[in-house]
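See below for the structure under consideration.
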């Protein structure tokens with residue numbers, strides 16, 4: 001199975017590098033053929049002869065190929081939504097396909113095609129200006145991005161000939177210059193005039209909701225047997241628990257259950273300029289000591305040694321208002337050139353008590369330890385990386401450490417509960433956004449009013465969620481994955497054969513796979529070839 005997984009990855013990469021441009025029916029057909037052939041290979045294997053580990057890998061690969069095929073059809077459908085907004089790009093696609101087939105273009109014919117394409121773009125733009133279709137910012141940005149992607153592919157193709165083929169260059173240099181300018185302008189027209197958003201604008205929130213059917217398919221691909229609405233209900237249940245705990249902590253602070261007032265007090269305990277890195281080191285050491293004193297899992301000495309820090313750029317802080325991590329912790333904190341109000345919100349949002357949960361989430365036992373082990377155990381599974389285990393593992397530890405008393409004061413509990421409430425809120429607002437029920441502004445307001453975010457930080461969180469390059473389920477994966485791991489802990493530790501340390505070490509050594517397959521790898525239940533999505537972990 002290791003070799004088959006490597007071969008599939010290589011096939012994907014090779015075909016993807018051949019077709020680096022949109023609007024190609026041939027690309028869709030070739031990928032569909034690749035996926036279908038791979039499903040045939042896997043379905044034709046002697047599954048009964050595989051050992052348990054290889055059966056897990058067989059399912060992981062089979063699911064991945066099947067999901068890639070579904071994703072191909074979804075991408076084709078989303079591309080079809082763009083086609084009414086663009087002219088027929090066949091003259092350009094014909095040359096890009098020819099280049100893929102190692103055919104060499106005729107300069108004079110290409111110059112004629114370029115000029116015709118330039119005129120077709122101008123004509124289509126005039127038609128759309130007259131029709132004034134209402135397409136929305138998300139479709140406008142998607143369409144503009146695809147035109148830019150096509151332009152870049154054609155520009156790369158032109159460089160193959162430019163100056164190396166004097167006759168081709170003589171014919172095509174000027175026509176291409178005019179066409180490339182028209183393609184740029186057309187992409188801007190789609191985004192700005194039809195979509196209503198300035199190209200390159202990272203301040204205006206523009207997402208692209210995928211809809212309920214695509215959400216449900218994505219959940220099944222992650223082996224989550226719940227509907228989006230059921231996950232929202234689970235998140236609301238967990239959120240209610242968090243609110244009750246916040247009220248208790250607020251009362252201990254002498255604030256009569258006023259959690260919002262408690263958070264305002266907590267936000268005052270922020271480090272001054274330049275003081276955040278020492279606090280991160282202190283909190284990281286506290287977490288490691290807490291875990292090792294209780295012998296909860298194995299932490300290799302090299303893992304403790306090699307993590308590092310860097311400071312986050314102001315531009316990136318528009319998307320990531322809190323520090324992130326792994327082997328390198330990227331510290332979010334205000335810089336000299338930021339607006340004064342933004343500085344204050346950043347400092348308040350990165351206070352000592354909020355950071356208590358974030359540091360161990362990002363470092364040890366969270367993402368740094370997780371990534372360290374993933375590079376060393378079952379490395380063939382890294383292509384199946386599931387956010388439900390990647391983020392669920394770190395969230396699981398937030399919940400476990402809270403229950404074990406890692407937060408010694410009510411202020412610390414308020415800080416940890418802020419993040420736990422936020423994980424619940426992420427399920428609610430991200431799924432409602434992709435269901436088409438909430439706008440980006442409604443998502444921001446929800447975070448401010450119900451979680452207690454600073455508005456700048458809430459805006460950055462929503463921007464990160466809907467236009468930061470994350471999949472539509474990524475924000476829902478934190479709390480959902482954490483609940484999966486809690487259920488698995490109950491099964492295998494509280495009511496099963498594993499000790500705490502054995503369980504946690506075993507989870508890390510399976511790599512970051514869908515948690516239902518992690519469960520199948522760690523227990524002794526049968527793992528049939530026909531393995532339905534069925535584990536109702538939150539019931």
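Each value in this text was obtained by applying a stated rule to the coordinates, not by laboratory testing. Note that this is a predicted model, so its numbers are computed, not measured. Note that we place each Cβ from the backbone using ideal geometry, even for glycine, and neighbour counts take in every protein chain shown.
Across the chain, Cα pairs under 8 Å and at least six residues apart give a relative contact order of 17 percent. The computed Cα extents along the principal axes in Å for the structure shown corresponds, within (i) 66, 60, 59; (ii) 60, 53, 47; (iii) 79, 65, 42, to (iii). Annotation: for a label point projected 7 angstrom from Cα along Cα→Cβ of residue 212, no residues of segment 515-539 have a backbone N closer than 12 Å. Here is how the number arises for the chain: DSSP H runs of 4 or more residues each give -39500 (n - 2.57), the sum is divided by the residue count, and the result at 222 nm is -21000 deg cm²/dmol.
Length gained on full extension, residue 39 to residue 67: 9.0 nm, using 0.36 nm per residue less the C-alpha separation. Using a simple spin-label model with pseudo-atoms 7 Å out from Cα toward Cβ, residue 301 and residue 115 lie 7.5 nm apart. Measuring r between the beta carbons of residue 94 and residue 163 and using R0 = 25 Å, the FRET efficiency lands at 0.60. Taking 0.36 nm per residue of separation and subtracting the current Cα-Cα distance, fully stretching the chain between residue 75 and residue 313 would add 82.4 nm. Taking a point 7 Å out from the Cα of residue 122 in the direction of its Cβ, the residues of segment 183-202 whose backbone N falls within less than 17 Å of it are 183-187, 189. Take the Cβ atoms of residue 445 and residue 292, set R0 to 35 Å, and the FRET efficiency comes out at 0.25.
Between residue 525 and residue 48, the C-beta separation translates, for a Förster distance of 22 Å, into a calculated FRET efficiency of about 0.85. With each label modelled as a point 7 angstrom along the Cα→C-beta vector, the residue 204-residue 494 pair spans 5.0 nm. At what distance in angstrom do the alpha carbon centres of segment 228-247 and segment 494-512 lie from each other? So the separation of the two Cα centres works out to 27 Å. By the count of neighbouring beta-carbon atoms within 10 Å, fewest first, 332, 430 end up ordered 332, 430.
Between helix 500-509 and the chain there is an angle of about 10 degrees, using the helix long axis and the longest principal axis of the Cα atoms.
Entry note, segment 2-83: relative contact order of 39 percent, from Cα contacts under 8 Å with a spacing of 6+ residues. Note: relative contact order over segment 86-194, using C-alpha pairs below 8 Å and six or more positions apart, is 42 percent. A simple packing score, the average count of other Cβ atoms within 10 Å per residue, orders the peptides 36-45, 523-532 as 36-45, 523-532, with the highest score first.
Taking 0.36 nm per intervening residue step and subtracting the Cα-Cα distance, what contour gain separates residue 188 from residue 385 on full extension? Once the chain is fully extended between residue 188 and residue 385, it gains 67.4 nm.
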